[in-house]
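Please read the structure below before turning to the comments.
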Amino acid sequence: MAPVYLSSKFNNGESSLETVNGLDLSPTAMASCRYPFTSLLDKHITSNMIIPFSDRESRDHKRLKRTPSIPDHIESNWSTYSGGSNNNSNSCDGSRISLRKLQFRDHIWTYTQRYLAAEVEVEAEAEEEAAAAAISANSAEEDGIADGMRLVQLLISCAEAVGCRDKSHASALLSELRSNALVFGSSFQRVTSCFVQGLSDRLSLVQLLGTVGFVAPTMNYMDAALDKKEAALHLVYELCPHIQFGHFVANSSILEAFEGKSNVHVVDLGMSLGLSHGHQWRQLIRSLADRPGQPLERLRITTVGLFVEKFQSIGDELEEYAKDLGLTLEFSVVESDLENLRPEDIKRYDGEVLVVNSILQLHRVVKESRGALNSVLQIIHELSPKTLVLVEQDSSHNGPFFLGRFMEALHYYSAIFDSLDAMLPKYDTRRAKMEQFYFAEEIKNIVSCEGPARVERHERLDQWRRRMSRAGFQVAPIKMAAQAKQWLGKNKVCEGYTVVEEKGCLVLGWKSKPIIAISCWKC
């Protein structure tokens with residue numbers, strides 16, 4: 001390292017601590033330094049002064065912060081920084097060397113303070129930039145919220161216009177909504193697109209006299225392309241916890257009813273939505289095959305529905321699956337809808353324990369007159385099942401007034417779309433398929449249809465309690481809330497889903513909004 005050459009000026013033989021070589025070291029001057037990273041060879045430093053710094057010492061800010069005794073360190077190594085020259089010591093007395101040390105330490109102290117001041121300034125600027133970014137993000141979020149609120153207002157205004165049969169005003173609002181309700185937009189834009197379809201279908205049914213027709217729109221739940229709807233249903237089953245959670249709780253309750261029994265029979269209403277491969281019953285069959293104790297003598301599954309070929313195909317697969325596990329399964333199909341079901345349609349054997357399973361089915365026979373549902377419940381009661389497992393959407397979509405139904409459905413499906421938003425990326429086509437070919441069909445049926453065409457008549461758990469009680473059923477408490485929560489964790493269900501026990505029933509919800517309710521009943 002090159003030797004250090006110091007040049008000093010004295011005032012009457014005394015050095016000034018606040019002015020060294022023309023450098024103003026006063027607090028006022030120090031506070032005004034804005035660019036402390038500039039070289040010391042500036043207008044404040046005499047041209048004949050050179051301060052050697054290694055690259056490490058000039059850049060290592062953390063070293064400077066961790067070494068508050070820099071001047072002492074430099075003083076102790078003075079001979080090193082001065083090149084170890086003895087000539088300088090011969091030409092200068094002790095007082096001169098002391099002053100040189102003082103000047104050098106003052107300059108080091110100045111440099112260090114400027115360096116640290118720069119750090120404070122850089123941190124302050126970084127904080128300002130972060131604050132500005134946060135403000136920008138908040139502004140964008142506020143803009144998104146404002147757009148969402150505007151969309152809500154338009155949607156409700158349009159529903160009011162459709163409900164009042166104001167065709168011109170409703171058409172204008174629908175046109176504006178279509179331009180803002182994006183299939184790949186925010187969760188509320190996507191759910192709005194589904195409700196816009198339902199409102200448009202309902203508006204198309206407004207006749208000249210202002211009445212709403214009782215026929216289903218062209219794109220009705222029952223008329224949707226079956227292949228697309230089936231594919232969407234499989235995605236809902238695989239990606240959403242709703243149906244799988246219902247299957248898990250239902251099977252646990254059925255196994256409890258079959259405990260210690262060797263002759264068992266399940267009556268499935270609707271064959272669990274017609275899901276291929278019979279997912280629910282595969283799980284039950286395996287559990288029955290693995291259970292300890294007395295082996296099964298007879299296992300029967302009877303399904304009720306109109307899709308005989310499809311159900312029988314599922315039954316054939318289940319029989320082969322049971323055979324591989326060492327069980328004999330008897331599968332049969334009753335070709336009938338629920339409203340026309342008769343007790344004698346269900347073949348029974350003496351000594352068998354029977355359970356009835358309904359996964360998102362019984363709400364389809366809820367009518368304004370209540371007669372259809374009461375008839376079905378009476379038939380089930382005559383079968384004397386040990387357990388009736390009921391899994392239903394927990395929402396009030398069967399109110400007498402259109403606007404009330406609309407608002408309830410909007411709240412319910414907004415929660416579902418919000419959960420899909422948390423589970424899948426924005427442009428995931430699987431999410432679009434679930435929303436447009438499954439949930440949208442439910443929404444359109446709720447919003448656009450009346451009379452027999454409206455089959456999506458979801459009701460709240462309290463209403464189901466009243467209906468079941470009037471039909472002669474008593475609640476059989478489900479005591480497995482802890483296991484249900486463990487199931488959520490084991491299956492890595494998206495954070496935000498919750499399970500609560502409500503008067504002996506289990507409710508799966510999304511951020512406190514009930515989605516699916518599971519209850520068990522006995523005669």
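Tabulated results
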| read-out | value |
| --- | --- |
| Of all accessible heavy-atom area on segment 445-523, the percent that carbon and sulfur account for (1.4 Å) | 51 |
| Ordering of 344-351, 420-427 by burial proxy (mean other Cβ atoms within 10 Å per residue, highest first) | 420-427, 344-351 |
| Cα-Cα P(r), segment 277-368, percent of pairs per 10 Å interval | 14, 45, 32, 9, 1 |
| Fully extended contour minus Cα-Cα distance, from Arg348 to Cys494, at 0.36 nm per residue | 48.4 nm |
| Anisotropy class of segment 378-505 from Cα gyration tensor, a/c 1.5 cut | oblate |
| Equivalent ellipsoid, segment 386-448 (semi-axes from 5 times Cα gyration tensor eigenvalues, Å) | 23, 18, 11 |
| Alpha carbon convex hull of segment 288-429, volume per residue in cubic angstrom | 185 |
| Global geometry of segment 436-511, whether rounded, prolate or oblate, following the gyration tensor of its Cα atoms and the 1.5 cut on a/c | oblate |
| Per residue convex hull volume, Cα atoms of segment 348-406, in Å³ | 79 |
| Additional length obtainable on full extension of the chain from Ser332 to Arg178, 0.36 nm per residue less Cα span | 50.7 nm |
| Rounded, prolate or oblate (a/c below 1.5 giving rounded, otherwise prolate when a/b exceeds b/c) for segment 309-355 by Cα gyration tensor | oblate |
| Carbon/sulfur fraction of accessible area - segment 328-397, other protein chains in place, 1.4 Å, % | 40 |
| Per-residue SASA entry for Phe307, accessible area with 1.4 Å probe, Å² rounded to 10 | 120 |
| Efficiency of FRET between Asn263 and Val206 - r from beta-carbon atoms, R0 60 angstrom, step 0.05 | 0.60 |
| Average accessible area per residue (Å²) across segment 303-424 - probe 1.4 Å, nucleic acids and ligands excluded | 43 |
| Spacing of the two label points (7 Å from each Cα toward its C-beta) at Met149 and His411, in nm | 2.0 |
| Peptide ranges 321-331, 373-383 listed from the most packed, as the mean C-beta count within 10 angstrom indicates | 373-383, 321-331 |
| Contour minus Cα-Cα distance for Glu320 and Leu255 (0.36 nm per residue) | 21.3 nm |
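The values are calculated or read from the model by the stated rules, or taken from the named source; none is laboratory data. Bear in mind that the values here come from a model prediction, so they are computed numbers and not experimental data. We place every Cβ from the backbone using ideal geometry, glycine too, and count neighbours over all the protein chains shown. We work out accessible area using only protein heavy atoms, side chains counted, and drop any ligands, DNA or RNA first. Shrake-Rupley method; radii C 1.70, N 1.55, O 1.52, S 1.80 Å.
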